[in-house]
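Participant: Mind having a look at this structure? Questions to follow.
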Amino acid sequence: MSLAQRINRIQPSATLEMTALANSMKAQGIDVIGLAAGEPDFDTQDHVKEAAIAALRQGFTKYTPVGGTNDLKEAICEKFQRENGVSYKPAEVTVSCGAKHSLYNLFQVLFEAGDEVLIPSPYWTSYPDMIVLTDAKPVIVSSTMESGYKINPEILKRHITPKTKALILNSPSNPTGVAYSPKEIKDLVQTAMDHNLTIISDEIYEHITFEGFQQQCVAALGEEVKKRTLTVNGPSKTYAMTGWRIGYLAGSAEIVSAVTKLQGQSTSNPTSIAQKATVAALKGPQDEIRRRCQEFERRRNVVVEKLRTMPGVSVVKPDGTFYAFPRFDGAFGKRYGDKVINSSGDLATYLLKEAQVVTVPGDAFGDDRALRLSFATSMEIIEEGLKRIGTELQKLS
Ligand code: PMP
Ligand code: GLU
């Protein structure tokens, strides 16, 4: 039996693979330091869990409308109004099984062979592969570490062709943690508008920001921008709800309804009780988000400080998320035993084998000189992980 060509054109998700590897090593009793996980280490809050338990008890266990319950859509609209100053109607919102699923569905309904989609790099590992699955072409718009891993309108314009259909924005960014200022976002969005591009704004890390940084919601930049923008978000990161699998998309009612049609022929509704839990998260107390951010910020400071003491290592200070994306130029070309480190994969393998530290190789995010380190884990593990990395780097010659 042979597989369809399309599945051979994509790679497994490196983030999920490395996280699974760390978990399986832990289960075998290996003293592993997992710095790969792309999810908060905090638990879902009790009032959110209670809402799901109550939903189960009330027998809320049947199919719901394909694109989510009205209650949830209304809670999402209230969230956009309250937090972002944008008014969406429930008909402009559809809920899927995680923000990843929202993006997948959206790409399926928007893109086809002949289209080009702009992805600023470093990028979240799933964007290019999801675009390849639509037969469109991912076009990588590279940034440099020197520019703080940000692109600008000039760089963007160089990649726009008559085939360019859309631009994906993800600020704060997975994997760099870098966030665009409101002015920088505005300028990029203006360039996209000037070329009639659709803007897909993945705002999943909007609330995980440091030093009071306020992420600019793209759709809040005005009515004309809102018409061209599809906003993707979800409770996974903000409310530590990765396993519940809820994500949502807001934008033109026509596109939203096409996504719902696709979903009606694939997964149907997202899990009923997870929808109830998300309503509780969106409508409940919000103060825990700030507290958790402060903890992420404390960890970020330690990660950046320690990385900067390592010779040959450089890192841009993240403005948000729970990732750092250091470059290890100093390690490249060096040896251990009869092996030479020539790529992020070589370095990640070396750290894994010699020090049992699990990271995600940067090539999965578009930069083969870097590793992604997640600090969504305890300070103790972070400190031990960085100590081991420092020691292993010194052993290279
Ligand atoms: N976008 C980005 C940038 C992410 O890092 C993630 C993390 N998985 C997602 C979307 C999807 O999140 P989820 O499917 O868990 O809602
Ligand atoms: N987004 C997280 C990460 O980048 C979770 C895993 C995934 O869905 O890619 O690690």
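Participant: With respect to Leu347, is the statement that it is in contact with a Leu (Cβ under 7 Å, 6 or more places away or on another chain) and part of a helix (DSSP H, G or I) true?
Facilitator: Yes; evaluated as a whole, the condition is true for this residue.
Participant: Still on this structure: Take the residues in the stretch 133-152 that are open to solvent by less than 40 Å² (accessible area, probe 1.4 Å) and out of contact with any helix residue (DSSP H, G or I) (no Cβ under 8 Å at 6 or more places or on another chain), then tell me which one is farthest from Ile7 (Cα to Cα).
Facilitator: Here the residue is Gly148.
Participant: Against the condition within 16 Å of ligand 2 (Cβ to nearest atom) and at pLDDT 95 or above, how does Ser171 come out, does it pass?
Facilitator: yes
Participant: Answer yes or no: is there a residue in the stretch 104-112 that is loosely packed, with under 15 Cβ neighbours inside 10 Å and closer than 30 Å to Ser142 by Cβ.
Facilitator: yes
Participant: So, in the stretch 351-377, of the ones that are within 12 Å of ligand 2 (Cβ to nearest atom) and assigned to a helix (DSSP H, G or I), which residue ends up nearest to the chain's Cα centre (by Cα)?
Facilitator: Phe365
Participant: OK, next. Is it fair to say Gly312 is on the phi > 0 side of the Ramachandran plot, loosely packed, with under 13 Cβ neighbours inside 10 Å and not polar (S, T, N, Q)?
Facilitator: no
Participant: Would you say Ile155 is modelled with pLDDT of 95 or more and either open to solvent by less than 10 Å² (accessible area, probe 1.4 Å) or closer than 26 Å to Ser13 by Cα (or both)?
Facilitator: When the stated conditions are applied, Ile155 does not pass them.
Participant: While we're here: Of the residues that sit in the stretch 1-18 and are in contact (Cβ under 8 Å) with a residue 24 or more places away in the chain and in a helix (DSSP H, G or I), which one is nearest to ligand 1 (Cβ to nearest atom)?
Facilitator: Per the criteria, the residue is Thr15.
Participant: Test Leu133 against the criterion of being touching a Ser or Thr at 6+ places or on another chain (Cβ under 9 Å) and not charged (D, E, K, R), and give yes or no.
Facilitator: Criteria not met by Leu133.
Participant: Continuing with this model, one more query. Taking the stretch 27-36 only, how many residues are surrounded by fewer than 18 Cβ atoms within 10 Å (Cβ to Cβ) and outside any helix (DSSP H, G or I)?
Facilitator: Number of matching residues: 4.
Participant: Here are some conditions: (1) touching a helix residue (DSSP H, G or I) at 6+ places or on another chain (Cβ under 6 Å); (2) surrounded by fewer than 17 Cβ atoms within 10 Å (Cβ to Cβ). Ser24 meets all but one. Which one does it not meet?
Facilitator: Only one criterion is unmet by Ser24, namely (1).
Participant: If a residue must be touching a residue at least 60 places away in the same chain (Cβ under 8 Å) and over 22 Å from Gly390 (Cα atoms), how many such residues does the stretch 22-41 contain?
Facilitator: Going through the stretch 22-41 one residue at a time, the tally reaches 4.
Participant: Then there is this: Among the residues of the stretch 207-223, is any open to solvent by 10 Å² or more (accessible area, probe 1.4 Å), within 18 Å of the chain's Cα centre (by Cα) and within 16 Å of ligand 2 (Cβ to nearest atom)?
Facilitator: Yes, the conditions are met somewhere in the stretch 207-223.
Participant: A further question on this structure: Out of contact with any helix residue (DSSP H, G or I) (no Cβ under 6 Å at 6 or more places or on another chain) and farther than 21 Å from Ile208 by Cβ: is that true of Ala355 in this structure?
Facilitator: Against the criterion (out of contact with any helix residue (DSSP H, G or I) (no Cβ under 6 Å at 6 or more places or on another chain) and farther than 21 Å from Ile208 by Cβ), Ala355 does not qualify.
Participant: A follow-up question, please. Taking the options Ser268, Ser272, Ser257, name whichever one is more than 22 Å from Gly59 (Cβ to Cβ) and in contact (Cβ under 8 Å) with a residue 24 or more places away in the chain.
Facilitator: Result: Ser257 is the single residue among Ser268, Ser272, Ser257 that is more than 22 Å from Gly59 (Cβ to Cβ) and in contact (Cβ under 8 Å) with a residue 24 or more places away in the chain.
Participant: Any residue in the stretch 286-304 that is surrounded by fewer than 19 Cβ atoms within 10 Å (Cβ to Cβ) sitting within a Cβ distance under 8 Å of a residue that is assigned to a helix (DSSP H, G or I) and of a type in the set (S, T, N, Q)? List the pairs, counting only those 6 or more apart or interchain.
Facilitator: Final answer for the pair search is Ile289/Thr238.
Participant: Here is a follow-up. When you scan the stretch 335-343, do you find a residue that is touching a Lys or Arg at 6+ places or on another chain (Cβ under 6 Å), within 16 Å of ligand 1 (Cβ to nearest atom) and open to solvent by less than 10 Å² (accessible area, probe 1.4 Å), even just one?
Facilitator: no
The values are calculated or read from the model by the stated rules, or taken from the named source; none is laboratory data. Since this is a predicted model, take the numbers as computed values, not measurements. Because the Cβ atoms are built from the backbone with ideal geometry, glycine has one as well, and the counts that use them run over all protein chains shown. Keep in mind that these areas ignore ligands, DNA and RNA; they rest on the heavy atoms of the full protein, side chains included. Shrake-Rupley method; radii C 1.70, N 1.55, O 1.52, S 1.80 Å.
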